[in-house]
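Coordinate-derived values only; no laboratory data. This is a predicted model, so every value here is computed, not measured. Here the Cβ positions follow ideal geometry from the backbone for every residue, glycine too, while neighbour counts run over all protein chains shown.
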Amino acid sequence: MCIDRIQPQRLAAYFISLCEIDSPGKKEGKVALYLRQFFSQFPGINIAEDSSGLHTGSDTGNLIITIPGNRPEATPLFFNCHMDVVTPCLGVEVDCTDGVFTSKGDTVLGGDDKGGIAILMELTHILMENDLSFPLVQLIFTTGEEIGLLGAKALDFDLIQAEYGFALDSTGVDNCIIGAPAAVYIHAVITGRAAHAGLNPEDGLNAIALCSEVISSLPLGRISKDTTANIGLIEGGTATNIIPEAVHVKGEIRSHNPDTLVRTITMFKAAFVDISSRHGGRAEVAFPPQYPAMLVSEDSPVVQCVQRAEGVLNRKLEFIVAGGGSDANIFNARGLPTVILGIGMANVHSTAEKIALKDMTRTLEMAVCIVTS
Ligand SMILES: [Zn+2]
């Protein structure tokens, strides 16, 4: 068994180096350069960068690393991680206590998703330095995942030879996400009429009051077992003595069920338009798509691959339908079946983020088994 060749200390060193390189969305270039340098030490590995930077506004494209493998008859597969990190993420200093990594507390750690990237670096060592049999493996490192899956949406799929793959980008460990909802944004503008609040309030129509009536009429939170909705931002008004003319509202709706998503959009739109017009105002509402739903069938080759590795390692993974969207939603929609594996990260998107070396190592063992069994 080759998992005993894993060097956890080398994995830890890569992880710390990665976390301490700044890489907010659209500024992943330094991480991309670090990865280029890393992969260029292995003869035979191909490093490609697509031209997605032109569309995403990032200082780098997505990186696609191709490890040729030595089983041409076997199905090529890929792993995916994103190079960007949520804010606050500048000047990360990593602390490691009892094998658990955290930031010093004023930034996120960036284990989301640099834990996954470090795992793939150590995976590459294992594949290249041991006498193993494995198929062509591609590593897809994307940009702008956290700010709208920008890199995945602009990925040059012509560079992908793999037929299915595994995103290393989820909390917990020993789990495999096979389903995730579709999501749309809510972008609304409610318009009333401006007037002086003290001199002629009779001539005004308060857009903030209209907005509050609309929002209080909407179901929010978990509105059914497969659907959630949120109003996350409102902005309106100009001064305390002016009846506000306009309010901008932003939110989102997510659903695993396409019919429920359409019905919820219709209901939300009606609430904005009907309530505003009943009072003599108006509302314009749009629902731009964020990402499509994904659901990978349990008998698909990508899930069977995970189940085979489960058997080899004698582990029991939990197969989950989750509530978040990620690059995997885009890959699935583009015909590349993709599941998401937990890498052990916790408290993500907060300065209390943490990840344990033993959980990264455990995920790496899974990845090695997926590739070699
Ligand atoms: Zn992530």
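Computed values, structure above
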quantity: Dipole moment magnitude, nearest 20 debye, the chain about Cα centre, only Lys, Arg, Asp, Glu C-beta charged; calculated: 460 debye
quantity: Selected from Ala195, Ala167, Pro72, residue furthest toward positive end of dipole (the chain; charges at beta carbon); calculated: Ala195
quantity: The chain: angle of helix 258-278 to the longest principal axis, Cα-based, in degrees nearest 10; calculated: 20 degrees
quantity: Kirkwood Rh in Å, taken over all unlike Cα pairs in the chain; calculated: 22.3 Å
quantity: Contact order normalised by residue count of region 182-290, Cα under 8 Å, 6+ apart, percent; calculated: 41 percent
quantity: Qualifying GluC sites (Glu not before Pro) for region 258-348 [loop in DSSP, other Cβ within 10 Å: at most 13]; calculated: Glu298
quantity: Relative exposure of Thr56, Thr102, Thr351, Thr142, judged by other C-beta atoms within 10 Å (fewest first); calculated: Thr351, Thr102, Thr56, Thr142
quantity: The chain: angle of helix 301-313 to the longest principal axis, Cα-based, in degrees nearest 10; calculated: 50 degrees
quantity: Point-charge dipole on Cβ atoms (K/R +1, D/E -1) for region 158-256, about Cα centre, debye to 20; calculated: 260 debye
quantity: Glu49-Leu220 pseudo-label distance in nm [points 7 Å out on the Cα-to-Cβ vector]; calculated: 4.2 nm
quantity: Leading residue at positive end of dipole, the chain (Cβ point charges), from Ser51, Gln138, Ile215; calculated: Ile215
